[in-house]
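Reviewing the structure listed below.
The values are calculated or read from the model by the stated rules, or taken from the named source; none is laboratory data. Just so it is clear, the model here is predicted, and its values are computed rather than measured. Neighbour counts are summed over all protein chains in view; Cβ atoms, including those assigned to glycine, are modelled from backbone coordinates with ideal geometry. When the accessible area is computed, the model is the full protein with side chains, heavy atoms only, and any ligands, DNA or RNA have been set aside. Shrake-Rupley method; radii C 1.70, N 1.55, O 1.52, S 1.80 Å.
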Amino acid sequence: MKNVRQANINIRKDAWVEINLESLAQNIIEIKKGIPKDKKFLAIVKADAYGHGSTMLAQTMLASGVDAFGVSSVDEGLDLRAVKIKAPILVVGAIPLWAIEAAARYDIAFSIFNEEHLNACKDVFERTGFKPKVHVKIDTGMNRIGVRSEDAVEYIEKVRNADYLTFEGVFTHLASAEEPDETQKQVERWNSVIDNIDTTGLLIHIQNTAGTFAYDFKSNMVRVGISLYGMYPDLPEKINYKPKLKQVMGLKGRITNIHEVKQGEGVSYCHKFVAYEPARVATIPIGYADGVSRKLSNKIFALVNGQKIRQIGNITMDQMMFDLGDVEAKEGDVVTLLDDKELSLDSWAEILDTINYELTCRLKVRLPRIYVR
């Protein structure tokens, strides 16, 4: 018997993403086994928790041992505050200067790395009385955002002396955690900063998910993302530990039609599949507008009533078809496209030559999410 919650979303559709909260909780417990107890655990829930639904997952994460949340924008932080999440929140990306006031008012920390950020923080404090909470972002080699490592010590000193903000932390991001040699270059730049500043009372964080599993750097907090949701990032050959994970996201739809296709007849647009013998074809209401790439056409499988069936024909905007073969099925039966076993997002990512992160984010487009435990 499953306990079920559903997000506040229109669910008048015979297809849905299923999120297993029990698997989420177990993943966090497994990950924490390899993290030193004196290090805090920040859960990355940006992009709506990689498409899983951050506001629905946050309480389970906190109950399982997460200390703080990482988001990509002030708006994502406000979404968490709106559902009464009081835990620390950090915007790990850059925010526009005009968003600093909202961040300060709602106790959302954010990244800073230039003089404009300091001036804007001062302006907000003088106008409102709210002290912005900040983490200095250091660019050690990602070349995305951040103060360059050779300029970081001087900048951090300015931040520490600024009485109009609350200085909470210093961090950087690993560009290639799966490559030890490249990572070592970043670590050397990181250490050149950390060894030359007063870190008393600061959160110091460099390890992303792969970095958490593979290295032990000078830090007192780790940032874990994709593995919360049961998938692994690219990892170096040698790691400290690899937790046992279960994919949190599933994808299901009900059969809306079953019909016979004669030998030699084509299925779907362009007839990329032609029946070499009579076939029973089932249609489900999931397509590329729901986040399932058209490039998966004729390359994936699903389960119905415990039996594997093959997807056939081009995946269309709103629907896709399957060859039932000898499998007993009827209209209304549930077809499982993704689960935590052999029907994995990793298998789709391999077909598409992309990463699992991208696929979880795609599936939030218009499919309702159902939460089970």
Lone unmet requirement of (1) in contact with a helix residue (DSSP H, G or I) (Cβ under 7 Å, 6 or more places away or on another chain); (2) more than 27 Å from residue 369 (Cβ to Cβ); (3) hydrophobic (A, V, I, L, M, F, W, C) for residue 315: (2)
Flag if residue 183 is touching a Gly at 6+ places or on another chain (Cβ under 8 Å), at pLDDT 95 or above and of a type in the set (Ser, Thr, Tyr): yes
Checking residue 148 against (1) touching a residue at least 12 places away in the same chain (Cβ under 8 Å); (2) in contact with an Asp or Glu (Cβ under 6 Å, 6 or more places away or on another chain); (3) more than 21 Å from residue 43 (Cα to Cα), which single condition isn't satisfied? (1)
Is it true that residue 230 is touching a Leu at 6+ places or on another chain (Cβ under 6 Å) and at pLDDT 95 or above? yes
Checked pairs for the range 154-176, first farther than 11 Å from residue 138 by Cα, second among the acidic types (Asp, Glu) and open to solvent by 50 Å² or more (accessible area, probe 1.4 Å), C-beta under 8 Å and 6 or more apart or across chains, list as 160/198; 164/126; 175/182; 176/182
Between 172, 209, 166, which is closer than 30 Å to residue 300 by Cα and of a type in the set (Ser, Thr, Tyr)? 209
Of all helices (runs of 4 or more DSSP H) completely enclosed by the range 29-122, which ones contain at least 3 residues that are open to solvent by 10 Å² or more (accessible area, probe 1.4 Å) and within 28 Å of residue 369 (Cβ to Cβ)? 46-50, 54-63, 74-82
